[in-house]
Amino acid sequence: MEINKKIEDYINNNDVCLFMKGTPDSPQCGFSMAVSNVLKHLNVNFKGINVLEDENLRQGIKDFSDWPTIPQLYVKKEFIGGCDIIKEMFEKGELKKLFEEKKII
């Protein structure tokens with residue numbers, strides 16, 4: 001499947017990869033904005049991938065991760081979760097710890 005290859009390329013070539021609606025500078029939904037803002041707050045360099053530009057990518061990432069919602073965050077090829085998980089990890093300090101362990105920050 002071509003879309004899976006494209007998704008794998010994004011994940012493999014970026015330590016922190018956020019599949020989102022819109023872009024980091026112009027999120028198109030509140031959930032994508034929330035995760036993007038958390039990453040910016042932690043000073044994490046990340047690749048934002050706008051799933052709204054490609055319907056195959058939008059559905060493909062859901063199938064790829066077996067996760068029904070967007071945004072989706074990958075760190076060093078590992079699927080971390082969506083908005084609620086990211087916000088909870090951030091509030092508990094777990095997200096910062098994860099980035100430190102993975103030598104991202």
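Contact annotation: residue pairs with Cβ atoms under 6 Å, 6 or more positions apart or on different chains, pairing a residue in segment 29-40 that is under 12 Å from D84 (Cα atoms) with a partner that is assigned to a helix (DSSP H, G or I) and aromatic (F, W, Y), are V38/F90.
Residue by residue, here is whether (1) in contact with a strand residue (DSSP E or B) (Cβ under 6 Å, 6 or more places away or on another chain); (2) crowded, with 18+ Cβ neighbours inside 10 Å; (3) aliphatic (A, V, I, L, M) holds:
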{"site": "D9", "(1), (2), (3)": "no, no, no"}
{"site": "T23", "(1), (2), (3)": "yes, no, no"}
{"site": "S26", "(1), (2), (3)": "no, no, no"}
{"site": "G30", "(1), (2), (3)": "no, no, no"}
{"site": "N45", "(1), (2), (3)": "no, no, no"}
{"site": "V51", "(1), (2), (3)": "yes, yes, yes"}
{"site": "P68", "(1), (2), (3)": "no, no, no"}
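I70 meets all of the listed conditions (1) assigned to a loop (DSSP other than H, G, I, E, B); (2) over 10 Å from the mean Cα position of the chain (by Cα); (3) not basic (K, R) but one, namely (2). Selection of segment 1-46 for residues being within 16 Å of K76 (Cα to Cα) and assigned to a loop (DSSP other than H, G, I, E, B) yields N14, D15, V44, N45, F46.
Bear in mind these aren't lab numbers, they're just calculated from the coordinates by the rules spelled out. On a predicted model such as this, the values are computed, not experimentally measured, just so you know. For neighbour counting, all protein chains shown are included, and Cβ atoms are generated from backbone atoms with ideal geometry for every residue, glycine included.
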